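Working notes, beginning with the structure itself.
The values are calculated or read from the model by the stated rules, or taken from the named source; none is laboratory data. Fair warning: this is a prediction, and the values are worked out from it, not measured in the lab. Reconstructed Cβ throughout: ideal geometry from the backbone, glycine too, with neighbour counts over all protein chains shown. Note: accessible area is taken over every heavy atom of the protein model, side chains too, but ligands, DNA and RNA are not part of it. Shrake-Rupley method; radii C 1.70, N 1.55, O 1.52, S 1.80 Å.
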Amino acid sequence: MKLGKNVSQQSSDLPASSSSKKNGKVTVLEFDDNHLLAQLVGEHDRYLARIEQGLKVTVTPRGNKMAISGTAANQSVTKQVILDLYSRLQQGLEVTEGEVDAAIRMARDLPAADGSRGSVAGTASMIVTKRRRITPRSTNQAYYVNSLRKHELVFGLGPAGTGKTYLAVANAVSMLIENQVDRIILARPAVEAGEKLGFLPGDMRDKIDPYLRPLYDALYDMLPAEEVVKRLENGEIEVAALAFMRGRTLSNAAIILDEAQNTTPVQMKMLLTRMGENSRMAVTGDLSQVDLPLGMRSGLQEAVKILQGVKGVDFINFGETDVVRHQLVTRIVRAYGEHEREKKLNLKT
């Protein structure tokens, strides 16, 4: 692994904590920029504590050095985490608790030969928008971003909080501001999630906006508010219910279908066949949260089965470990996943 600029590393026989006395060595990293090092450690050493807790190591700051003690394997992963975060700071990017968790998550995976995974600091998978630069926070997210760039149609499948829609919107915005496409089209099926909302007042846009709010939120995170409004008004960004896609050909566009598990097979086929020249489409959904009427088959489920192996189509499956929201969300998703697995096991027996 390449060390970050202005960082040196060595093994040492310095006294180690009890967790590392078995191998008798610690890993020592030396840094040239104490200001960046202070940001990496965090206020009251909170980021360092997070690394120690997550990787079961002891990290001791000594001036411009850090001594890492623990098992050899844990020292190696910790070294990569620290160097990734330091490299991120060198690039002018911030480090937060989320970034620390992401670095730990990604460093646990073996880095690929092309460097596209295993680092939160790598620029290969970075998405640049006007308001922020976004880097993947899990290995699957890195795969997803690269797939969005390489394939005409990408399915992002998995639980809430894995960044499926957020990264798809970020990639679409990046393509728009780089003039790779002329417009962005964001669509969602207008299906009530387990509750009857009744009559909604206003014109057609007022009626469907509540279903599309998450897409607007993502847009405002990527672009200045006045630019979002302007692009919505001139049609460069279109946010619409899925029903309004029928009969159209969507050329030179980045198309995103969110909450696709709530499409019917007819709706899914209708949208997939709207693609025109120079268009890219991302379809995101969670097959464990289908809100269609009982007995109605999900169009997403059918499309996943039918389109396997079709050239130009890729599938990225996210899991519980890819949840990048609050840690409690990860635990909730994991608990529900275990519950569903137990239910399936009981049905089989």
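Hey, what do the phi angles of the range 171-185 turn into as Karplus ³J(HN,Hα) couplings, whole Hz, using 6.51/-1.76/1.60 and θ = phi - 60°, x for Gly and Pro?
3J(HN,Hα) across the range 171-185, in whole Hz: 5, 5, 4, 4, 5, 5, 6, 8, 6, 7, 9, 8, 7, 10, 10.
Non-local amide H neighbours of LEU153 (under 5 Å, H modeled in plane, Pro and chain starts lacking H): which ones?
Those qualifying (amide H under 5 Å, at least 5 residues apart or on another chain) are MET281, ASP314.
Using 7 Å Cα-to-Cβ label points, what is the ASP32/GLU178 separation (nm, one decimal)?
Distance between the two pseudo-spin positions: 3.0 nm.
Rounded, prolate or oblate, given the Cα gyration tensor of the range 205-339, with a/c below 1.5 counting as rounded?
oblate
Name the trypsin sites (Lys or Arg not before Pro) in the range 277-329 that are in a loop by DSSP and that have at most 10 other C-beta atoms within 10 Å, would you?
Details: sites: ARG280, ARG297, LYS305, LYS311, ARG325; in loops: ARG297, LYS311, ARG325.
Counting only loop positions with at most 10 other Cβ atoms within 10 Å, the trypsin sites (Lys or Arg not before Pro) in the range 277-329 are LYS311.
Under a cut-off of 18 Å between alpha-carbon atoms, report the aspartates and glutamates in cross-link reach of LYS130, not counting same-chain residues fewer than 8 places apart.
GLU94, GLU178, ASP182, ASP217, ASP221, GLU226, GLU227, GLU236
Determine the share of the range 23-115's accessible area contributed by carbon and sulfur atoms, expressed in whole percent, with a 1.4 angstrom probe.
47 percent
In whole Hz, with x marking every Gly and Pro, tabulate ³J(HN,Hα) for the range 273-279 from phi via Karplus 6.51 cos²θ - 1.76 cosθ + 1.60, θ = phi - 60°.
After applying 6.51 cos²θ - 1.76 cosθ + 1.60, I find 8, 7, 4, x, 5, 6, 10 Hz.
Taking only protein heavy atoms and a 1.4 Å probe, what accessible area per residue, in Å², does the range 38-82 have with all protein chains in place?
So the range 38-82 comes to 46 Å² accessible per residue, rounded to a whole number.
Between THR321 and GLU97, what is the spin-label point distance in nm, taking each point 7 Å from the Cα along the Cα→C-beta axis?
The modelled label-to-label distance comes out at 2.3 nm.
With every protein chain kept in place and ligands, DNA and RNA left out, what is the accessible area per residue of the range 246-347? Probe 1.4 Å, answer in Å².
59 Å²
Considering only protein heavy atoms and a 1.4 Å probe, what is the carbon-and-sulfur percentage of the accessible area of the range 265-307?
Values: 1270 of 2360 Å².
On the range 265-307, the fraction of accessible area on carbon and sulfur atoms equals 54 percent.
Which entries of LYS164/LYS311; LYS56/LYS79; LYS25/LYS56; LYS25/LYS79 have Cα-Cα distances beyond 18 Å here?
Result: LYS164/LYS311 exceed 18 Å.
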